[in-house]
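Down below is the structure, laid out as structure tokens.
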Amino acid sequence: MIEVRDVTRRFGSFTALSHASFVVRSGEIVALLGPNGAGKTTASRIIAGILAPTEGDAIVDRISVRDDANAVRARCGLVTDSPALYERMSLRSYLTYFARMYDVPQPGPRIAQLVELMGLTSVLDRKLASFSRGMKQKAAIARALVHEPPVLLLDEPATALDPEMTQTFRELIVSLRAQHRAILLCTHDLDEAQRISDRVVIVDRGRIVREGATDELRSAGRPSFRAELVADEAPVRAALGTAGVTVESIAASNGRLEARWSSDDPAETNTRALRALLDAGARVVSLNLETRSLEDAYLAIIKESRQ
């Protein structure tokens, strides 16, 4: 549904995006992650047909942004972190205006559905200038969805939303994925990305540095393990040292010890570790693989890309 093909975007001598390529399929949420200034917003605006690529192309619903940017815009719903609204309009007039622009038949029921979802029914006839920042963000989300676009481009969409509305919006995004929409989520909220994204694209300094399934990126790297023990620290350290296991940390927690280590060969290392611990008289309550968070994976990938 979205295909970014070797896209470069320059602003004078500054290259905001360099030879970027990735795909967002129908029925998929892809999180585009990166530091401030990495090129995320530039990428989303090129896909939306707002910025023209200097080189390369973006294809949306089989339409090239170079060939027909207007047709691409009609197929996208864009939400930014700081929406520019027509503040002299009421919310009803604002949504009706965009519904008619997109040739939405009988926009009234669609608008009523969206404002109820966003919790804005009671302010439907108030001017947008009187809205709080969070209410304006909700209005922008409703505007992006009014024509039921097949592609959603979400650039920090939960900015200024309260926790309850953030959860509602998260559930909405997931439901839209189930309707076979292609969704690109640009966010700094890595916990949010971990919860809902199917794949992750990481961009740094204008270049794609890693792409993959969310779970695959989290599980990549050297496997780490946590053992919960009933034992004293000194014999545990001695036993693991004898087994050739490099202990990364040992800490007391709730009357038990938690020992952590990593291994490139878990079957061999963990077998030795368990045998040594049992021989030392330690009671092993559990031994678990520790899955790193998306935040940990992201930070490691950014650090690696800059070495």
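FYI, it's all coordinate maths here, none of it is from the lab. What you are looking at is a predicted structure, and each value in this text was computed from that prediction instead of being measured. All Cβ positions, glycine included, derive from the backbone under ideal geometry; neighbour counts span all protein chains shown.
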Fill in the blank from the handout: Expected max-MSF residue from Val30, Val236, Val79 in the GNM of the chain (alpha carbon, under 10 Å) is Val236
Exercise for the section: Give me the number: length gained by fully extending Arg226 to Ser122, i.e. 0.36 nm times residue separation minus the C-alpha to C-alpha distance, one decimal in nm. Expected result: 32.3 nm
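From the helices alone, meaning DSSP H stretches of at least four residues, give me the mean residue ellipticity at 222 nm for the chain, per-run term -39500 (n - 2.57), in deg cm²/dmol to the nearest 500.
-11000 deg cm²/dmol
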Exercise for the section: Mind jotting down the distance between the C-alpha centroids of region 105-155 and region 6-78, whole Å? Expected result: 24
Handout entry: GNM result for the chain, Cα springs below 10 Å: residue of Ile29, Ile202, Ile63 fluctuating most strongly
Key = Ile63
Exercise for the section: Could you point to the label whose value was computed as volume of the Cα convex hull per residue in Å³ for the structure here, given [x] 264; [y] 124; [z] 164? Expected result: [z]
Handout entry: Residue-wise HN-Hα coupling along region 230-239, computed from phi with Karplus coefficients 6.51, -1.76, 1.60 (Hz; x: Gly, Pro)
Key = 10, 5, 8, 5, 4, x, 5, 4, 5, 5
Practice task
Compare Ala69, Ala234, Ala280 in a GNM of the chain, Cα atoms joined below 10 Å, and give the one with the largest fluctuation.
Solution key: Ala234
Fill in the blank from the handout: Among region 12-34, those whose backbone N falls under 13 Å of a label point 7 Å along Cα→Cβ from Thr291 are none
